[in-house]
Amino acid sequence: MKALEAVCADVRPAASGDALVAAPASVEEAAAVLRVAAEHGLAVIARGGGGRLGWGPPPSRRDLFVDTRNLDRVVEHAAGDLVVKVQAGLRMDRLAAVLAESGQRLALDAPLPAATVGGTIATGAAGPLRHLYGTPRDLVIGLTIVRADGEIARSGGKVVKNVAGYDLGRLFSGSFGTLGLIVEAAFRLHPVPAVREYLTAVYADADAAHEAVQAVLHSPAAPSAVECATIPDGIAVGVLLEGATGRAAQVLPLLGQGARVGDAAPEWWGRYPEGAVLIEVTGKPTALPDFLRAAPNLTWSACGHGYVGLAGETTPAQVADLLVALRRIGGAVVRSAPAQIRDAVDVWGPIPALSLMRRVKDQFDPEHRLSPGRFVGGI
Amino acid sequence: MTEKVTRLAERLAVLLGPDAVITDPVRLRTYECDGLTNHRARPALVVLPDDGAQIAQIVRACVAAGVPYVARGSGTGLSGGALPRTDGVLIVTSRLRRILEIDIANQRAVVEPGVINLDVTRAVRPHGYYFAPDPSSQQICSVGGNVAENSGGAHCLKYGFTAHHVLSCEVVTPDGEVVELSADGPGYDLLGVFVGAEGTLGIATKVTVRLTRVPQTVQTLLAAFGSIEGGGTAVSAIIAAGVVPAAIEMMDALSIEAAEASVACGYPPGAGAVLIVELDGPQAEVEHQFAQVKALCEEAGAFEIRVAADDAARALIWKGRKSAFAAVGRISPAYLVQDGVIPRTSLPRVLARIDELSAESGVRVANVFHAGDGNLHPLVLFDDAEPGAAERAEGVSGAILDLCIEHGGSITGEHGVGVDKARYMPRMFTAADLDTMQMVRCGFDPAGLCNPGKIFPTPRLCGEVPGVRKGVHPLVEQGKADLF
């Protein structure tokens, strides 16, 4: 603790257990903290808002939490270039507010309220806008990380078009703190659209919902998002159209009778499904009806990504059976679950290229001190 | 040919059949360089595999023999990424030209790496789809090459780069393992780092590409300005208005002159700069924004605006722009194509400085650029018959890259680093940055046999402890690597 206090002003014991928390306020301080951790062989867990700290298996060791929330500056907002560079601990909602003053946005939904920029990248989090704009991997144009040994390293830059060197921004997206500590990120921005229209309709069965989704996908509507969710009344489909003018009239007939237009998102839009067990599913767009039939509670982005929620009283055997069914359709990863379920099921499913992933991990973190055990194959 | 390579050639001839292995020095010369012709190296041997399984066999044979290898698609790259090794094998993917699957319902296609970029679009166009990355070489470049270089094109301003349009790849890793890398599978996004790694992390043997719906409407205009500043002002105004055009391209007076001499594109006489703006998407949206763009160009001082009435008129507008690189051959015996990026708002300052550099050195520079994203393609003209001219041109070309770095930009927006720009990497990145990137390379290719000598000026010895290095680099000493 003393060694940490010498390099970082904000060091404290963690709320529970023997672990410590260090909250560096600059990139240099973060690097110094990781150097001390390296010297003392400490296992380091990066944390931002904490909303997804419980995702994935719990780390096998937790000596030091590096809390990024003191790293909350907007480093540079080049509005004319549609680029922003920020520190990792900045909250996504604060970033959105800053950008909105210039009529701009980071086209990335933050499904959890207190999410930070760093946490969003580290967990690869995105919402409905992934349909048109992708996930953090597609919007990060520059990344600064602190390595396990305390070295600061940058990749990319602050221009959108750039192929100089390897793109570590994509590698670190969704790496859950197992390769290094994300401290700064530069993003490509988009203008805030003048008009937003949400088209919604509810269907009685999976095939009807799927048909509506396919009709929109293959039309020239160019939607920003196409979402689907199981709701008490049936299966809801929502289409987000954004732009300079209203275009709802053109798309509405594709959703059939009873479709509505509104300027606010429906209540179910962009949320994780309820339940103590959260499973992330991926598949081809046409996997939708199969997923709908297999899972009781699904949210789905039409580009091929969704979540299944299950109630806490579900037994491990029921979850295991569901995972088998889901993996016949596409990919299924248990993101969060009570310990007795998580320990009893295969949370990841098949992992192609695992040996390559292990080798990359060994290069970045040879001592396996960064969130050990939290990632695929025990990485 | 060393004995090692001779034995490897024999082994490969057994594995692939004799017609797939080229050792004849005359035929090998065809493969000496890619689109960057001032770097040449004759490969020790060239192999022409038929499928991914054969590529895996070749790589395993190379690894067993300790011989370096380089993959090559159509050879149109402009940074020497496919420059062969004189002591190594060149694996050419030109026989892997099958489109394996077209899945319109799921908006994707699976293709072999040698498939020509435009052939993907041709195959899916009847279904109302296309493959979005459109590098200017799209009639001949391969999808595998696009993956290696993370190719862009004029329309990447709105639609992004190859990385955004590849869903997964079957890859032969540098040790000969066949793996599937995908963007949304569990684990690290190895696909994300593989795309754009310039062939240093393995060879793609199957590529699943995303197909994009053909837009409902396309509108294109050509605006002529008295000066480059006017054009720059218009670009800024368009972006500030919240419009994201499919493309915004600019050409200066010298490149217009070249294009006229070459293809008689008939751009407005007396223009100091022309701007091509293309909008696409749903009709209502495009019509609204097109009126806005037109008004903004007029406000910025455009003295003539031409709107393409149909596809033929659009093709005519694009003709001058697309021919620009080749066209400077009409006004100069030789030229260098540069590729640098600056923050778009620095455009006026950077162009003024390029003008000064040109005046100081007496070297003419024609400017063609993707103005929307600040990607400059200065064409540095020189007479290769004149002693010292090539060096002076190189000097100006390098100074332009320094200018890009100084303004917070990049040394390459789409052509890649390859061998051409490896020496500039330390100006853009610190030693720690480059060392960190090479950790990825060490994870994929600890033996350093897969396209060695590209991107990084100094190879990292895999397995070494990070820190300061002293003396001759061990890989150099062993003759496994060169310093650039």
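Within region A:240-314, all pairs of alpha-carbon atoms sorted by distance into 5 Å bins from zero give the percentages 3, 13, 18, 19, 19, 15, 8, 4, 1, 0. For the pair A:Ser355 and A:Ala317, the difference between a 0.36 nm per residue extended length and the Cα-Cα distance amounts to 10.8 nm. In summary, the aspartates and glutamates within cross-link reach of B:Lys4, defined as a Cα separation below 16 angstrom excluding same-chain residues under 8 places away, comprise B:Asp87.
Can you tell me how much longer the chain between A:Ala325 and A:Gln257 gets when fully stretched, taken as 0.36 nm per residue apart minus their C-alpha distance, in nm with one decimal?
21.2 nm
The apolar share of the surface of region B:99-213, taken as the fraction of accessible area on carbon and sulfur atoms (1.4 Å probe, ligands and nucleic acids excluded), comes to 50 percent. In the distance distribution for region A:196-262, Cα-Cα pairs more than 13 Å apart total 58 percent.
Note on B:Arg349 and A:Ala344: the model spin-label points, each 7 Å out from Cα along the C-beta direction, lie 6.4 nm apart. Taking Cα centre as origin and charging only the Cβ of basic (Lys, Arg, +1) and acidic (Asp, Glu, -1) residues, the dipole magnitude of the protein assembly as shown rounds to 1000 debye.
Think of chain A as a dipole: +1 on every Lys or Arg Cβ, -1 on every Asp or Glu Cβ, centred on the Cα centre; then among A:Tyr166, A:Gly330, A:Thr178, A:Tyr166 lies furthest on the positive end. Shown here is the pair-distance distribution of region A:93-222: with all Cα-Cα distances grouped in 5 Å bins from zero up to the longest one, the shares run 2, 9, 16, 19, 17, 12, 11, 7, 4, 2, 1, 0 percent.
Label point of A:Ala79 set 7 angstrom out along Cα-Cβ; within region A:105-144, amide nitrogens under 17 Å from it belong to A:105-106.
Per-residue ellipticity at 222 nm, computed for chain A from helices alone with -39500 (n - 2.57) per DSSP H run of at least four residues, works out to -7000 deg cm²/dmol.
Surface exposure of region A:74-191, expressed per residue as accessible area with a 1.4 Å probe, stands at 24 Å². Applying the Karplus relation 6.51 cos²θ - 1.76 cosθ + 1.60 with θ = phi - 60° to region A:299-310 yields 3J(HN,Hα) values of 10, 8, 9, 4, 6, x, 8, x, 9, 10, x, 10 Hz, where x marks Gly and Pro. In region B:99-213, a dipole from Cβ-located charges (positive for Lys and Arg, negative for Asp and Glu) runs towards its positive end, and of B:Tyr188, B:Val110, B:Val178 it is B:Val110 whose Cα lies farthest in that direction. Computed over chain A with a Gaussian network model linking Cα atoms closer than 10 Å, the most mobile of A:Pro13, A:Pro352, A:Pro285 is A:Pro352. How many percent of the alpha carbon pairs in region B:218-340 exceed a separation of 24 Å? Across region B:218-340, Cα pairs with separations above 24 Å total 26 percent.
Compared with the dominant Cα axis of chain B, that is its longest principal axis, helix B:389-406 is turned about 80°. Which shape class, rounded, prolate or oblate, goes with region B:99-213 when its Cα gyration tensor gives a ≥ b ≥ c as root eigenvalues, a/c under 1.5 marks rounded, and past that a/b bigger than b/c marks prolate? Taking the square roots of the gyration eigenvalues as a ≥ b ≥ c, region B:99-213 is prolate.
If you take the accessible area of B alone plus A alone and subtract the pair, what total do you get in square angstrom, rounded to 100, with a 1.4 Å probe? Don't skip to the end; give the middle numbers.
Values: alone 20240 and 16750 Å², together 30950 Å².
Counting both chains, the buried surface is close to 6000 Å².
Only one residue of B:Thr217, B:Cys297, A:Pro13 has its Cα farthest out toward the positive end of the dipole of the protein assembly as shown, where Lys and Arg carry +1 and Asp and Glu -1 on Cβ, and that residue is A:Pro13. Translational diffusion of chain B, estimated by Stokes-Einstein from the Kirkwood radius over alpha carbon pairs at 20 °C in a medium of 1.002 mPa s, is 91 µm² per second. The label point for A:Asp18 and the one for B:Val178, both projected 7 Å from the Cα toward the Cβ, are 5.0 nm apart.
Measure up A:Lys161/B:Lys319; A:Lys158/B:Lys454; A:Lys85/A:Lys161; A:Lys161/B:Lys421; A:Lys158/B:Lys158 against 20 Å on the Cα-Cα distance and list the ones that go over. A:Lys161/B:Lys319; A:Lys158/B:Lys454, as the Cα separations exceed 20 Å there. Full extension of the segment from A:Ile231 to A:Leu132, taken as 0.36 nm per residue of separation minus the current Cα-Cα distance, would add 33.2 nm.
Cβ-Cβ distance of B:Arg122 and B:Ala312, R₀ of 22 Å, FRET efficiency by 1/(1 + (r/R0)^6): the value works out to about 0.70. The C-alpha atoms of chain A define a longest principal axis, and helix A:316-329 lies at about 70 degrees to it. Centre-to-centre separation between the Cα atoms of region B:46-60 and those of region B:298-313: 50 Å.
Charge dipole (Cα centre; +1 on Lys/Arg Cβ, -1 on Asp/Glu Cβ; no other charges) of region A:1-110 amounts to roughly 260 debye. In the calculated pair-distance distribution of chain A, the portion above 26 angstrom amounts to 54 percent of the Cα-Cα pairs. Going from the isolated chain to the complete set of protein chains, region A:145-160 loses at least 50 Å² of heavy-atom accessible area (1.4 Å probe) at A:Arg147, A:Arg154, A:Val159. Its Cα centre serving as origin, region A:196-262 has a Cβ charge dipole (Lys and Arg +1, Asp and Glu -1) of approximately 260 debye. Ignoring lysines fewer than eight residues from B:Lys206 along the same chain, the ones with Cα atoms less than 19 angstrom from its Cα are A:Lys284.
Let me check I have the definition right: for the protein assembly as shown, take the eigenvalues of the Cα gyration tensor, multiply each by 5, take square roots. What are those semi-axes in whole Å, largest first? Equivalent-ellipsoid dimensions as semi-axes: 40, 35, 28 Å.
On C-alpha positions alone, give me the angle between the axis of helix B:3-16 and the longest principal axis of chain B, in degrees, nearest 10. On a 0 to 90 degree scale, this one is about 80.
The values are calculated or read from the model by the stated rules, or taken from the named source; none is laboratory data. Computed from a predicted model, the values in this text were never measured in an experiment. Cβ: placed from backbone, ideal geometry, glycine included. Neighbour counts: every protein chain shown. Just the protein is used for accessible areas: all its heavy atoms, side chains included, with ligands, DNA and RNA removed. Shrake-Rupley method; radii C 1.70, N 1.55, O 1.52, S 1.80 Å.
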